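Asker: I have a structure here, written as structure tokens, and I will follow up with some questions on it.
Nothing in this text is a laboratory measurement; each read-out follows from the coordinates by a stated rule. Keep in mind it's a predicted model, so treat the numbers as computed, not measured. A quick note on method: Cβ atoms are made from the backbone with ideal geometry, for glycine too, and the neighbour counts reach across all protein chains shown.
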2 protein chains.
Amino acid sequence: MDIEKANTETVSRMMEARPMLVGVGRARDVIPGMRDNLLMHAGPPVTWDRMSGPMRGAVMGALIFEGKAKDEVEAEALAKSGQIDFEPCHHHQSVGPMAGLISPSMMVYVIENKTHGNKAFSGLNEGYGKVLRMGAYAPEVIARLRWMNDVMGPVLADAITSSGGIDIRALLAEALQMGDEGHNRNKAGSLLYLKALAPHIAKVAKDASTASEILRFLGDNALSVLNPVMAACKSMVDAAHGVEGSTIVTVMARNGTDFGIRVSGLGDRWFTAPAGKVKALYFPGFTEADANPDIGDSTITETAGIGGFAMAAAVAIVTFIGGTPKDAMSATLEMYEITYAEHKYFTIPALDFRGTPTGIDIRKVVEKGIAPRVNTGVAHKDPGVGQVGAGLVRPPMAIFEQALVSYAEKYGY
Amino acid sequence: MDIEKANTETVSRMMEARPMLVGVGRARDVIPGMRDNLLMHAGPPVTWDRMSGPMRGAVMGALIFEGKAKDEVEAEALAKSGQIDFEPCHHHQSVGPMAGLISPSMMVYVIENKTHGNKAFSGLNEGYGKVLRMGAYAPEVIARLRWMNDVMGPVLADAITSSGGIDIRALLAEALQMGDEGHNRNKAGSLLYLKALAPHIAKVAKDASTASEILRFLGDNALSVLNPVMAACKSMVDAAHGVEGSTIVTVMARNGTDFGIRVSGLGDRWFTAPAGKVKALYFPGFTEADANPDIGDSTITETAGIGGFAMAAAVAIVTFIGGTPKDAMSATLEMYEITYAEHKYFTIPALDFRGTPTGIDIRKVVEKGIAPRVNTGVAHKDPGVGQVGAGLVRPPMAIFEQALVSYAEKYGY
């Protein structure tokens, strides 16, 4: 077994993947395995009884959105009845931020990796505060989801088709030159996304006021492009998964209860441990006591070499997640210690255009005792509330140790 | 005379000015002193016989655009006939990038400084390459100007009104957190500008295809916001001009022949010397031999504390204008040596959110022998060609020495 060769192949596939945003479609029509009684969620597998507050809240909201329950009482009863299946987004070529709920009727982005041919999917981003992905399910949350699905979704679908597709790797590369890290900070990327679609939205919308409303919604949301970016990263790491002998991490994901990883050379097995608390800046009126443990599939960005790994490109982010500009530089420098490559396309101006640290190597994580750095949002621990802050977290060391033991067992090292 | 008090007042006015983009109107209707036979140009005063190639080219193009000449031969004859007056934009509360031509029929941005009440004006940005401001006047250049004036201008006017105005200081502050320096790099600012106007453009345009065309034109031009930014800076420095005893520079401007400055405490006198050559990265097919000397009013950005002075916010710019990320950091650090203040609203993440160096002090420039650093585009030296590169330049030291001598004469130091 030539580990170096395997890892070189893994990171090369990850970097050479060229994810294009090619469309928007209904989850039940486009996501393989989606079915009427299935809800997909962030992170590794989890049952209703072990679900965290925000995940439960999002499940309840999704059931109300689907018309399967008229309120939270009915939704909770249905969720625990056993009639609803819960499966990770990651089992269906999909990813979702925070609770990451995808239900059958939801409109989702379709990403196609033009290099390797695989697809990936993610929902539409709702914006900030009281949103389903943070566990909120109030009537205004459901109403916004309906507008997004019924009004914005079809226009985005037509606009993306009219645009001929959007090269998300190129968009991300540019956004990293404009102060984004691609996970918690997607200001520039969301504007580049708006710019790419605006002429098409104006053209395909059924009337001027609909076009105007959608342009405002996308423009006011500095996370508009987060979901296409996450799906793009998912398509990169999926292309890099399954390389025999590789020690590179291809999934990091949290469901609000557990943090799980998968490794390219170790098949579909999840290595999990309890999700940690986030070191965060809290929104006014909230404290750490309100915070749910770490949640969401958005760690797919760090897995693909951006997010917390590209902090040095985005020092202005410290005003949102805490820390100093120097910390931001150190974060990226530290991640070179545990990664296998420097990204060919994602570069950091402040580090003389050095490529971002890419391809987490479980050997290096364990040997050096350095866990990956992750930027993240923080959801309230109770269902129905929403976002309370944003900050920094690291996955539990135990999952990398488990993975390394499993590697040794499988490959005999 | 308390120089420190005078300078404190000057930089305070400069920083507290709050320029709002409030409209678009026809130059002859909105710019004080505009008249039928007047062409306004960049830099200090200059006569036709001393005008550089790109300035002459732009004058000829403007006369064709105005319908006063049918081609370059007629235009040149008219320009040298004495029937056309040439005056600096700066004499009319206006600024223009490169040749900076403003003719009576042109649509211009209207900026209002909400703190001090003064207004400032600039034309609409044409984009890159073969453009009037770089001295080009081919039929497609004139056709583009006509479309901008007749189609885009009125829509921008209505969209800006519908938006309630755009706070350009706030936009710039945000753009500096996104890798812009506000002069040669306005990528983020132009996207923020597009974002602010897009919902209104979709609403006010007469049909979907016009809206789409304008959204594409603004989005494809990473300098869309340069002209509003320049007029915003003009309104800041105009508010700071005329403080008795102040040694702070309130105008730096070039006409392609001379580089001129004005000083807050020294009235309307221009101090001038021959404009220098730019140290530039040239577009494919061009070399330094093609380059005109330094030209344009865009040095108003450095005068107001951004542009070359904010290079540390925009290290990715080195791929466009040359140099290394380290040079970019050094440029800003050096400018602290010759400025009076650190900007209250424009901050640089990579320098721990330190304010940009603001308020060039002629005393410090002369004492330390450090001339201001300027980022700039480079025009071809012949009329009719256009842009050939972008780079770095410094004004001639002699103008600061002249100004200091004049200051000593006036104030008896």
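Asker: Please compute the length gained on full extension between B:GLU409 and B:ALA143, using 0.36 nm multiplied by the number of residues separating them and subtracting their Cα-Cα distance.
Answerer: Residue separation times 0.36 nm, minus the Cα-Cα distance, leaves 90.7 nm.
Asker: Using the count of nearby Cβ atoms within 10 Å as a rough guide to exposure, how do B:HIS91, A:HIS380 rank from fewest to most?
Answerer: So the ranking, lowest neighbour count to highest, is B:HIS91, A:HIS380.
Asker: To continue, here is another question. Based on alpha-carbon atoms only, what is the radius of gyration of the protein assembly as shown relative to the globular estimate 2.2 N^0.38 Å?
Answerer: The value comes to 1.01.
Asker: Would you work out the charge dipole size for the protein assembly as shown about its Cα centre, treating the Cβ of every Lys and Arg as +1 and the Cβ of every Asp and Glu as -1, and quote it to the nearest 20 debye?
Answerer: Dipole of the protein assembly as shown, to the nearest 20 debye: 260 debye.
Asker: Related question: If we count every other residue with Cβ under 11 angstrom of B:ARG262's Cβ, Lys/Arg +1 and Asp/Glu -1, where does the sum land?
Answerer: Summing Lys and Arg as +1 and Asp and Glu as -1 gives -1.
Asker: Treating the point 7 Å from Cα along Cα-beta-carbon as the label, what are the nm separations from B:THR47 to the other copies, to one decimal?
Answerer: Copy-to-copy label distances at B:THR47, shortest first: 9.5 nm.
Asker: From the label point of B:THR115, set 7 Å from Cα along Cα→Cβ, how far away are the matching label points in the other copies, in nm, ordered shortest to longest?
Answerer: 4.9
Asker: For the rotation that brings chain A onto chain B, whose beta-carbon in chain A is nearest the axis, and what is that distance in whole angstrom?
Answerer: Value returned for chain A: A:LEU191, 2.
Asker: Taking A:ASP327 in one copy and the same position in all the others, each labelled 7 Å out along Cα→Cβ, what are the pairwise distances from the first, in nm, shortest first?
Answerer: 3.4
Asker: Also: Would you compute the Debye intensity of region B:16-229 from its alpha-carbon atoms alone, equal scatterers and no solvent, and pass along log10 I(q)/I(0) at q = 0.19 Å⁻¹ to two decimals?
Answerer: The Debye formula, applied to the Cα set alone, gives -1.43.
Asker: Please list, in order along region A:28-36, the HN-Hα scalar couplings obtained from phi with the Karplus expression 6.51 cos²θ - 1.76 cosθ + 1.60 (θ = phi - 60°), rounded to whole Hz, x for Gly and Pro.
Answerer: 5, 8, 10, 8, x, x, 5, 8, 4
Asker: In the structure displayed, which of B:LYS381/B:LYS410; A:LYS187/A:LYS277; A:LYS203/B:LYS381; A:LYS70/A:LYS195; A:LYS187/B:LYS234; B:LYS80/B:LYS114 lie more than 32 Å apart, Cα to Cα?
Answerer: Long pairs (Cα-Cα over 32 Å): B:LYS381/B:LYS410; A:LYS203/B:LYS381; A:LYS70/A:LYS195; B:LYS80/B:LYS114.
Asker: Looking at the protein assembly as shown, send over the antiparallel percent of its DSSP beta bridges, to the nearest 5.
Answerer: Here the antiparallel bridges make up roughly 90 percent for the protein assembly as shown.
Asker: Please list, by residue number, everything in region B:311-326 whose backbone N is under 19 Å from a paramagnetic label point 7 Å out along Cα→Cβ of B:ILE370.
Answerer: Counting only backbone N, you get B:311-315, B:324-326.
Asker: Then there's this: Which of B:THR319, B:THR376 comes first, and how do the rest follow, when ranked by fewest Cβ neighbours within 10 Å?
Answerer: Neighbour counts put them in this order, fewest first: B:THR319, B:THR376.
Asker: OK, next. Tell me, what is the percent relative contact order of chain B, built from C-alpha pairs under 8 Å that lie six or more residues apart?
Answerer: 22
Asker: Taking the Cα centre of region B:16-229 as origin and charging only Cβ (+1 Lys, Arg; -1 Asp, Glu), how large is the dipole, in debye to the nearest 20?
Answerer: For this selection, approximately 200 debye.
Asker: Tell me which trypsin sites (Lys or Arg not before Pro) from region B:217-314 have a DSSP coil assignment and no more than 16 other beta carbons within 10 Å of their own.
Answerer: Qualifying residues, ordered by number: B:ARG269, B:LYS277.
Asker: Then there is this: Given R₀ = 30 Å, FRET efficiency for B:GLU337-A:LEU333 by Cβ-Cβ distance, to 0.05?
Answerer: 0.50
Asker: Please get the size of the charge dipole for chain A, origin at its Cα centre, with Cβ charges of +1 on Lys and Arg and -1 on Asp and Glu, quoted in debye to the nearest 20.
Answerer: 320
Asker: What is the order of A:ILE306, B:ILE84, fewest Cβ neighbours within 10 Å to most?
Answerer: B:ILE84, A:ILE306
Asker: If one computes P(r) from the Cα atoms of chain A, what percent of pairs lie at distances over 37 Å?
Answerer: Distances greater than 37 Å cover 15 percent of the Cα pairs.
Asker: Given q = 0.13, 0.19 Å⁻¹, what are the Debye log10 I(q)/I(0) values for region B:241-411, with equal point scatterers placed on the Cα positions and solvent ignored?
Answerer: -0.62, -1.20
Asker: Put a dot 7 Å past each Cα toward the Cβ at A:HIS116 and B:LEU281; how far apart are the dots in nm?
Answerer: Between B:LEU281 and A:HIS116, the label points sit 3.2 nm apart.
Asker: Another one. Given springs between every Cα pair under 10 Å in a Gaussian network model of chain A, which of A:ALA231, A:ALA196, A:ALA379 has the largest fluctuation?
Answerer: Among A:ALA231, A:ALA196, A:ALA379, the largest mean-square fluctuation in the Gaussian network model of chain A belongs to A:ALA196.
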